[in-house]
Amino acid sequence: MANLTNSGNYNFKVVLLGEGCVGKTSVILRYVEDKFNDKHLTTLQASFLKKKLNIAGKRVNLSIWDTAGQERFHALGPIYYRMSNGAILVYDITDQDSFQKVKNWVKELKKMLGSDICLIICGNKIDLEKQRTVPIEVAEEYAQSVGAKHFSTSAKLNRGIEEMFLDLSQRMMERANEQDIQKAGSLGRSGSVRRNVVVVDDEEVEQTKSGCCGGSTAVS
Ligand code: G3D
Ligand code: MG
């Protein structure tokens with residue numbers, strides 16, 4: 001996926017993966033809408049939500065992909081995560097099984113995408129610290145062993161989520177810059193340096209979004 005546009009902005013696809021009920025949808029909704037347990041929003045079948053960031057004067061457009069719950073039926077295939085720049089693998093700190101699932105996802109992503117993708121391992125529900133069954137040291141050590149970063153979050157209390165997405169965005173920018181330099185280097189030898197450009201018309205995307213989720217007609 002081309003990430004760096006001709007205007008110097010970045011477009012990244014981020015997917016959330018993990019067992020059902022670990023809090024993936026809640027983490028996204030907290031980050032994008034600053035809401036928790038909003039039944040209206042959680043039942044939306046939106047495939048992704050958009051978030052715009054400004055990092056070091058550059059605009060970063062994230063499309064953050066949520067599942068429609070297929071993971072509960074073990075039916076989440078590569079079509080969901082292909083072309084991703086980043087993946088957040090979520091487990092519930094009170095649920096060992098969900099941590100094992102994260103390990104399976106890491107294996108699958110590495111097999112299918114190599115090391116092209118920036119990985120984050122996210123221990124969610126830290127407001128339930130007393131019920132923790134996944135020791136933090138174990139999770140951090142595992143993350144380090146697979147080249148991922150570990151974050152502890154609570155979608156409920158809004159802890160750690162901004163920091164996690166910011167860190168991921170910065171790493172994706174660094175990676176996109178490296179890839180751009182490599183590409184320019186290899187093309188430069190033949191005398192024609194051309195950046196792989198994606199032109200995104202924000203207005204058009206916004207309109208499409210409000211059109212398909214269109215329940216919010218203004219009432220006078
Ligand atoms: P999923 O998208 O991974 O399937 P959801 O998970 O976001 O649907 O969340 C599953 C349940 O966990 C929800 O509870 C949600 O409120 C709860 N949850 C999500 N994040 C947190 C958190 O940080 N702390 C706590 N305590 N609970 C959380 P319900 O009761 O609606 O099933
Ligand atoms: Mg969900």
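Summary table below
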| read-out | value |
| --- | --- |
| Only one of L62, L53 that is out of contact with any Pro (no Cβ under 8 Å at 6 or more places or on another chain), open to solvent by less than 20 Å² (accessible area, probe 1.4 Å) and modelled with pLDDT of 90 or more | L62 |
| For D92: the one exception among (1) modelled with pLDDT of 95 or more; (2) charged (D, E, K, R); (3) open to solvent by 40 Å² or more (accessible area, probe 1.4 Å) | (3) |
| Out of V219, V199, V205, sole residue that is within 28 Å of D116 (Cα to Cα), of a type in the set (A, V, I, L, M, F, W, C), open to solvent by 80 Å² or more (accessible area, probe 1.4 Å) and modelled with pLDDT under 50 | V199 |
| Matching residues, the stretch 145-159, being under 19 Å from the mean Cα position of the chain (by Cα) and closer than 22 Å to D97 by Cβ | V146, A148, H150, F151, S152, T153, S154, A155, K156 |
| Boolean, D97 is open to solvent by 60 Å² or more (accessible area, probe 1.4 Å), on the phi < 0 side of the Ramachandran plot, at pLDDT 95 or above and within 14 Å of ligand 1 (Cβ to nearest atom) | yes |
| Filter pass, I126 being in contact with a helix residue (DSSP H, G or I) (Cβ under 7 Å, 6 or more places away or on another chain) and either open to solvent by 70 Å² or more (accessible area, probe 1.4 Å) or more than 16 Å from ligand 2 (Cβ to nearest atom) (or both) | no |
| Qualifying residue in the stretch 131-144 (condition: open to solvent by 40 Å² or more (accessible area, probe 1.4 Å), within 14 Å of ligand 1 (Cβ to nearest atom) and not hydroxyl-bearing (S, T, Y)) | yes |
| The stretch 14-32, residues that are basic (K, R) and open to solvent by 30 Å² or more (accessible area, probe 1.4 Å) | R30 |
| Scope the stretch 111-123; condition out of contact with any Ser or Thr (no Cβ under 8 Å at 6 or more places or on another chain) and either surrounded by 15 or more Cβ atoms within 10 Å (Cβ to Cβ) or not charged (D, E, K, R) (or both); matching residues | M112, G114, S115, C118, L119, I120, I121 |
| Residue among D92, D97 that alone is in contact (Cβ under 8 Å) with a residue 24 or more places away in the chain and under 15 Å from K24 (Cα atoms) | D92 |
| Pairs, first within 8 Å of ligand 1 (Cβ to nearest atom) and outside any loop (DSSP other than H, G, I, E, B) in the stretch 8-29, second among the hydroxyl-bearing types (S, T, Y) and modelled with pLDDT of 95 or more, C-beta under 8 Å, six or more apart | V27/T153 |
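The values are calculated or read from the model by the stated rules, or taken from the named source; none is laboratory data. None of the values given here were measured: they were computed from a predicted structure. Neighbour counts are summed over all protein chains in view; Cβ atoms, including those assigned to glycine, are modelled from backbone coordinates with ideal geometry. The area values use the complete protein model at the heavy-atom level, side chains included, leaving out ligands, DNA and RNA. Shrake-Rupley method; radii C 1.70, N 1.55, O 1.52, S 1.80 Å.
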